[in-house]
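First the structure, in the form of structure tokens, and then the observations on it.
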Amino acid sequence: MFRSSRLALTALFAALAAALGFAGALVPNVELITLAVFLGGVATGVGAGIAIGVIAEFVFSTLNPLGPALPFVFAAQLVGMGIAGAAGGILAPHLAGLASAGRSLLLGVTGFLVTLVFDGLTNLALGIHMGPILPTLIGGLAFSLIHLGANTVVFAVLGTGGLRVLESFGLLGRSGESHAQG
């Protein structure tokens, strides 16, 4: 059961992530949704992090100004963002004790990995819809490389600042699901 503060933080981070998606919707393959979802997971824990990712991606993908995603792609987007939120909850205790350079490195690697999973899932789903799968995956490779590079940098640079903000509110350094007491 969610406590009131965790519920409020979950809603806040889901809304922030979706809003950041709309703000950057016309910039291809550079986005801040994944980082916002990840930081939401850091602040609230694994379960709420998954909820943040699913809710944010549901809102953004459903109302995307470029049009809604195909059904399998939509499902892959929800799963991929749920994983990004879970990753934040899992890594929260490890991020708390790291120096700035260590945080930046871990965040960059995490940004790369969660984006790799997200792009792998969504490109595979697109291949299932469009077929054949392998040429679809190859065709999406250049876009994925841009997305991977951008999110690696976004996580390493902006994520470090985001962690400082969470730390200033006492939302970094607690273990797992005990975040956001209230």
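What's the extension gain from Leu98 to Val153 if we count 0.36 nm per residue and subtract their Cα-Cα distance?
18.0 nm
When the label point is put 7 Å from the Cα of Leu12 along its Cα-to-beta-carbon vector, which residues of region 28-56 have a backbone N closer than 19 Å?
Under cut-off, by backbone N: 33-56.
Normalised by the residues of region 4-178, what does the relative contact order come to in percent, with Cα pairs under 8 Å and at least six apart?
Relative contact order of region 4-178: 27 percent.
Could you give the dipole magnitude of the chain about its Cα centre, charging the beta-carbon of Lys and Arg +1 and that of Asp and Glu -1, in debye to the nearest 20?
320
What distance in nm separates the two pseudo spin-label positions at Phe58 and Leu145, each 7 Å out from Cα along the beta-carbon direction?
3.7
Multiply the residue separation of Ile133 and Ile90 by 0.36 nm, subtract the distance between their alpha-carbon atoms, and state the gained length in nm to one decimal.
Answer, rounded to one decimal: 12.3 nm.
Dividing the alpha-carbon radius of gyration of the chain by 2.2 N^0.38 Å (N being the number of residues), what value is obtained?
1.00
Within the chain, which whole H helices from DSSP have a Cα span along their axis of at least 18 Å and a mean Kyte-Doolittle hydropathy of 0.0 or more, if any?
4-23, 46-63, 71-96, 100-130, 141-168
Given the options Leu163, Leu39, Leu26, state which has the largest fluctuation in a GNM of the chain using a 10 Å cut-off (strictly under) for Cα springs.
Judging by the Gaussian network model, the answer is Leu26.
Go ahead and set up a Gaussian network model of the chain, Cα springs under 10 Å, then flag whichever of Ser144, Ser168, Ser104 fluctuates most.
Ser168
Give me the number: length gained by fully extending Leu105 to Ser5, i.e. 0.36 nm times residue separation minus the C-alpha to C-alpha distance, one decimal in nm.
Here the answer is 33.0 nm.
Report the label-to-label distance for Ser168 and Leu116 in nanometres (one decimal), using points 7 Å from each Cα along the Cα→Cβ vector.
3.3
The numbers here are math on the coordinates, done by the rules we state, and not lab data. Here the structure is a predicted model, which is why all the values come from computation and not from measurement. Please note: Cβ atoms are built from the backbone with ideal geometry, for glycine as well, and neighbour counts cover all protein chains shown.
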